[in-house]
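The values are calculated or read from the model by the stated rules, or taken from the named source; none is laboratory data. All of these numbers come straight from a predicted model, not from anything done at the bench. For neighbour counting, all protein chains shown are included, and Cβ atoms are generated from backbone atoms with ideal geometry for every residue, glycine included. These area figures cover heavy atoms from the full protein model, side chains too; ligands, DNA and RNA do not enter into them. Shrake-Rupley method; radii C 1.70, N 1.55, O 1.52, S 1.80 Å.
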Amino acid sequence: MKKIIIALLLSNAAFAHAAASYDSVRLGIQGTQVKSHSFGSYLGNDYNPNESKDLGGFYLDGSLAFNDHFYGTVDLTGVTRASSDIDNHFFGVGYHFDYGFNSLYTSVGANMVEVVRNHSNTRESKFDETAVSLEAGAKLQLTSFFAIQPQYRLSFFNKGHMHDYRLINELMLTDCVSLEAGIGYNKFIDAEQFNWQGGMRFSF
């Protein structure tokens, strides 16, 4: 039995990436809770409810390495609830530093945010802006099958700065397929959002 356990551990260790992969696709579902009075930071007095709102939707995140250090990245999220929608998209290029199984990265790009409220009288309120955005994070291999990815993004919108924090937990099933669960916090002026994600990561 001991020999079997040792063999399984060695086999599992072989699945760990030699370095964090920047050729990957992440996809799954996202839940978002928007705190009370948060929509007003986007839509002003047109829509600023005094109770929190729960929205649901998806996320799709992909990156592609250009060489050993440079990569391109796309991060798409969209959530909705009845007549309210929030889309947050990031397109960027980045550079990563590898330290054994671990990696630090930074990127610069465009953050596109759209918040829409469809009113009962067919009138629509909308916030739709694109900002220069900076991102930094790390991919940390804690064991042969478990990794975490803390990340921070700062976007410079006309009305104010958007701060986006995220922590992704990755459970590796093979060398290219992982289960993941993430939590996040987004703040824009007085708006606060708490996010959770659950899905799959495919590395190649």
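All of 51, 135 fail the test of being free of Cβ contacts under 8 Å to residues at least 40 places away in the same chain and charged (D, E, K, R), apart from 51.
The strands (runs of 3 or more DSSP E) found entirely in the range 126-190 that carry 1 or more residues being open to solvent by less than 60 Å² (accessible area, probe 1.4 Å) and touching a helix residue (DSSP H, G or I) at 6+ places or on another chain (Cβ under 9 Å) are 161-172, 177-188. Considering the conditions (1) hydrophobic (A, V, I, L, M, F, W, C); (2) buried (at least 16 other Cβ atoms within 10 Å of the Cβ); (3) closer than 30 Å to residue 175 by Cβ, residue 70 is excluded by exactly one of them, (2). Of everything in the range 78-93 that is open to solvent by less than 60 Å² (accessible area, probe 1.4 Å) and more than 19 Å from the chain's Cα centre (by Cα), the residue that is farthest from residue 163 (Cα to Cα) is 83. Residue 101 fulfils the conditions (1) in contact with a His (Cβ under 9 Å, 6 or more places away or on another chain); (2) closer than 15 Å to residue 63 by Cβ except for a single criterion, (2). Hey, does the range 33-55 have a residue that's farther than 20 Å from residue 157 by Cβ, of a type in the set (Ser, Thr, Tyr) and at pLDDT below 95? No: the range 33-55 contains no residue that is farther than 20 Å from residue 157 by Cβ, of a type in the set (Ser, Thr, Tyr) and at pLDDT below 95.
With respect to the conditions (1) part of a loop (DSSP other than H, G, I, E, B); (2) at pLDDT 95 or above, residue 121 lacks only one, and its number is (2). Residues to consider are 200, 112; find the one that is touching a His at 6+ places or on another chain (Cβ under 8 Å) and open to solvent by 50 Å² or more (accessible area, probe 1.4 Å). Being touching a His at 6+ places or on another chain (Cβ under 8 Å) and open to solvent by 50 Å² or more (accessible area, probe 1.4 Å) holds for just one of 200, 112, which is 112.
Filtering the range 23-63 to residues that are surrounded by 14 or more Cβ atoms within 10 Å (Cβ to Cβ) and hydrophobic (A, V, I, L, M, F, W, C) leaves 25, 27, 34, 39, 43, 55, 58, 60. Against the conditions (1) open to solvent by 20 Å² or more (accessible area, probe 1.4 Å); (2) farther than 30 Å from residue 119 by Cβ; (3) of a type outside the set (Phe, Trp, Tyr), residue 96 satisfies every one except (1).
Against the condition closer than 29 Å to residue 70 by Cβ, open to solvent by less than 50 Å² (accessible area, probe 1.4 Å) and not in a loop (DSSP other than H, G, I, E, B), how does residue 107 come out, does it pass? Here the answer is yes, as residue 107 does meet what is asked.
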